[in-house]
Structures are given as C-alpha cells and as structure tokens.
1. Considering only residues that are in contact with a His (Cβ under 9 Å, 6 or more places away or on another chain) and in a helix (DSSP H, G or I), which ones fall in the range 364-391?
2. How many residues does the range 128-162 contain that are closer than 21 Å to N238 by Cα, open to solvent by 50 Å² or more (accessible area, probe 1.4 Å) and part of a loop (DSSP other than H, G, I, E, B)?
3. Can you report the number of residues in the range 106-127 which are touching a residue at least 24 places away in the same chain (Cβ under 8 Å) and either open to solvent by 20 Å² or more (accessible area, probe 1.4 Å) or not aliphatic (A, V, I, L, M) (or both)?
4. Cβ-Cβ distance below 9 Å, separation of 6 or more or different chains: which pairs start in the range 235-262 with a residue that is over 16 Å from G309 (Cβ atoms) and among the aliphatic types (A, V, I, L, M) and end on one that is open to solvent by 30 Å² or more (accessible area, probe 1.4 Å) and part of a loop (DSSP other than H, G, I, E, B)?
5. If you scan the range 210-232, which residues turn out to be closer than 16 Å to C262 by Cβ, open to solvent by less than 10 Å² (accessible area, probe 1.4 Å) and either touching a Pro at 6+ places or on another chain (Cβ under 7 Å) or of a type in the set (K, R) (or both)?
6. Out of the range 302-326, which residues are closer than 16 Å to L273 by Cβ and either in contact with a helix residue (DSSP H, G or I) (Cβ under 8 Å, 6 or more places away or on another chain) or assigned to a loop (DSSP other than H, G, I, E, B) (or both)?
7. Can you pull out every residue in the range 240-254 that is open to solvent by less than 10 Å² (accessible area, probe 1.4 Å) and out of contact with any Lys or Arg (no Cβ under 8 Å at 6 or more places or on another chain)?
8. Would it be correct to say that L282 is touching a residue at least 60 places away in the same chain (Cβ under 8 Å) and either surrounded by 17 or more Cβ atoms within 10 Å (Cβ to Cβ) or not in a loop (DSSP other than H, G, I, E, B) (or both)?
Amino acid sequence: MNYILFDGTVRDALLPFTFTRPVAEIRIGILTIREKWERHLGLTTTTLTEEYLSLKYPMVELENNVMINASFLPKNSLVEMVINLQKNQAIFKGDTLIAFYTNDSQEEVDFDTYEIIEYSEDCLTVENNWDIFSKNDSALREDFELITEDRTSESIPKSVNAIAPGNIFIEEGAKLEFVTLNASTGPIYIGKNSEIMEGSVIRGPFALCEFGKVKLATKVYGATTVGPHSVIGGEVNNSVLFGYSNKGHDGFLGNSVLGEWCNIGADSNNSNLKNNYEEVKLWSYETENFAKTGLQFCGLMMGDHSKCGINTMFNTGTVVGVSANIFGAGFPRNFVPSYSWGGASGFSTYLTSKAFQTAKIVMARRNVEFTEDDATILEHVFDATKKYRKE
C-alpha cells in the first residue's frame, strides 16, 4: 500500500514552523511525525502539502493510496485500523478526518459515500504550535519505547552518575563522561555520535538526537528534545529543537520550540511565565491576533533560520517568524514577523539576498547544501509575510 501524509486543517495553527515544512516533518518526542508513521507502517511515506513546498516534499500517488492526517501521532490501535482500511472506508475521530482510502481514478472524495469508522481511543495530536513542547513529555516516552524495544543499550560509562539506569538508552558512538543522568522522572535517550560534556546534569524525559551536543555544565529539565546536529548549553527546560539549531551558551530557554538553523546568542533568555501568572497568549497566524493557549508556562516559538544576538531578552509567549535577525537592548515585541532585522528599538526588512547568503554559510558549516528548492520556499515565505512587516 502507498501511504501519504497530508497537512489537514491545522497547518496554519502550526506556523511559523509549517512555513518551511509539511506538518509531517515536525519533530516531537524523539522522531518527526513522518519517522514515527514510517516505523509503525514499515514503509516510506510521501506528503500532500502546500504547492510551494511540494518541490522539496513531493507526493507520490499510486493506483491505491491511504491518506493519513499528519497531525495525528501513530498509536498501535490506530495504525492497525489504517493498515486494514479498504476501498471507500475512512477513519474519523468525531468530526476530524484521520485517514481514508483512495485511488488515482477518483476525481474527488465524497465521504457521504464512504463507510465511516470511528476511532474512539485517545491519541496524541499536534494541533497548535505550543503542543510541540507541551505534549513532548508523552511523545518522548512513546518514541523511547518504540526505538528501544528489543534492543540493548551501549554500556553507561563508569564515570556517569546514573539514576534509574534501566530508563537510559545510549546509541553507538555517543560520548559522555562525568555527567549526571536522572531517568527516574522519565527516559533518557542519547543518540548516535552525540556528546554530553562533563559536569552536565540532565533530568528525563530527554532526547539527544544523532550528532547532537550538550556543552559543559549544562542543566536540562525534562521534557526536552535536542534534534540532530543541535547544540545546547546553559539552562533548558521543556523545549524542542528540531535540528541544526544552537543554543550553545549560558542563558535560559524554557517551554519553547526552535525550528532548524536557529541560533540563540550567549546569555540570551526567554520568559516562560507572566509576572501576574495569568494564561499566556500567542500570536496566531490563523486569526492574525493573539490567541489563548490555556497554558501558564509558554516561552519562545522561533521559525527556521532565525537568530538572536547576545543578551537578547524574549518576553513570555514570543513568536518569531522565519529568517529574522534580532539584536540590541530591551525586549523585542512578542510577535516578530519573518525577515525582520532589529530589536526593541525597531525593525527593518531583512532582504532575502542577505538572508540567503547567511543561510548558505550556516548550512555549509554542517555540510548541508542550500538548494534552489530552499531558496524557492524561503522566497515564498518572504512574500507571504510581507503584510506583517512595516516597510
């Protein structure tokens, strides 16, 4: 069977992260949503997403296909239902479509003609950008079980102070000495060729993905995920770094999500709790206003390729778009549009010619090419977000 992950109705609620990727490429827990589904299905998948993203993330349609809503994270019972889908069948949870069977001869899908199968169990969904960190604890525990089932961890080095070592899994090539790992509060996963430097103290649940790095004397509280080739230092709490991003110095990052190719300057901090302890509101691209999150703790949402200078201070519930460059004294406003250049004293437009030049240099440091497809996507984001910038 051919499986295709589609963005569904939540794509705009997951901006700025879905400006540059389909919903399926969001990392929550240890794996991306696509990687989770592919492990469960035992097959590769493709994507139905926005047209401007389709060059980099193409859809492969065969004669018979099952379409899966990428905002739903796989669970054994749900995966079984998806695998057993037959022609003219669809799976719903309430009014929300999860999956349906289709073929390439269908010009349109009329669910009035389908047999509707109700999925009644609870499962993890990613429907808002703050879900990525707020549900990371549960997702990380599920991924840990999925990845480590029937496998044996590398040995924990003798110099490591390990609490609940049965909840610690170390992949081949990982380096760690003289660190404290407390897995009594949740599992700790240490990926291939990653490194945790001396003096670091980590409390689970925690995931350090392939080639990730934890710098000297870092303090980490669960549930935190450090994506592939990412670096953390200082103090980090309940945050997700998708991949190739750096928060390598002292300073606090909490209840936050960083996309790819982000950099947080030394001694930068974000607030994750309002002084009056009230519910945090976040900028919504859907309503173009600030939306209630239902959360008391909520920090920084930063899109791909955005950076901040040293000693940057982010207010509670700040949303930064794609390819923004923030610096200077004071608190920048809590919604920074894509391609903004400046800080609390004001912003100008960060031109794509300069932004792309920086992106090429940054990506080359990790031996990753900045492609024409990347440029096309980022050009689209520049045009689509122009209305938010004061030019």
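1. Going residue by residue through the range 364-391, those that are in contact with a His (Cβ under 9 Å, 6 or more places away or on another chain) are 366, 368, 378.
L378, the sole residue that qualifies.
2. Residues in the range 128-162 being closer than 21 Å to N238 by Cα, open to solvent by 50 Å² or more (accessible area, probe 1.4 Å) and part of a loop (DSSP other than H, G, I, E, B): 1 in total.
3. Restricting attention to the range 106-127, the residues satisfying the condition of being touching a residue at least 24 places away in the same chain (Cβ under 8 Å) are 113-121, 123-127.
Those still in the list that are either open to solvent by 20 Å² or more (accessible area, probe 1.4 Å) or not aliphatic (A, V, I, L, M) (or both) too: 113-121, 123-125, 127.
So the answer is 13.
4. V257/W130
5. Passing the criteria: only G212.
6. Restricting attention to the range 302-326, the residues satisfying the condition of being closer than 16 Å to L273 by Cβ are 313-318.
Once the filter is applied, which keeps residues that are closer than 16 Å to L273 by Cβ and either in contact with a helix residue (DSSP H, G or I) (Cβ under 8 Å, 6 or more places away or on another chain) or assigned to a loop (DSSP other than H, G, I, E, B) (or both), the range 302-326 yields N315, T316, G317.
7. Answer for the range 240-254, where residues must be open to solvent by less than 10 Å² (accessible area, probe 1.4 Å) and out of contact with any Lys or Arg (no Cβ under 8 Å at 6 or more places or on another chain): S245, K247, G254.
8. Working: touching a residue at least 60 places away in the same chain (Cβ under 8 Å): yes; either surrounded by 17 or more Cβ atoms within 10 Å (Cβ to Cβ) or not in a loop (DSSP other than H, G, I, E, B) (or both): yes.
So L282 fits the description; yes.
The values are calculated or read from the model by the stated rules, or taken from the named source; none is laboratory data. For clarity, every value in this text was computed on a predicted model and none was experimentally measured. Positions of Cβ are generated from backbone atoms using ideal geometry, with glycine treated the same way; all protein chains shown enter the neighbour counts. Remember, those area values only see protein heavy atoms, side chains included, never the ligands or the DNA or RNA. Shrake-Rupley method; radii C 1.70, N 1.55, O 1.52, S 1.80 Å.
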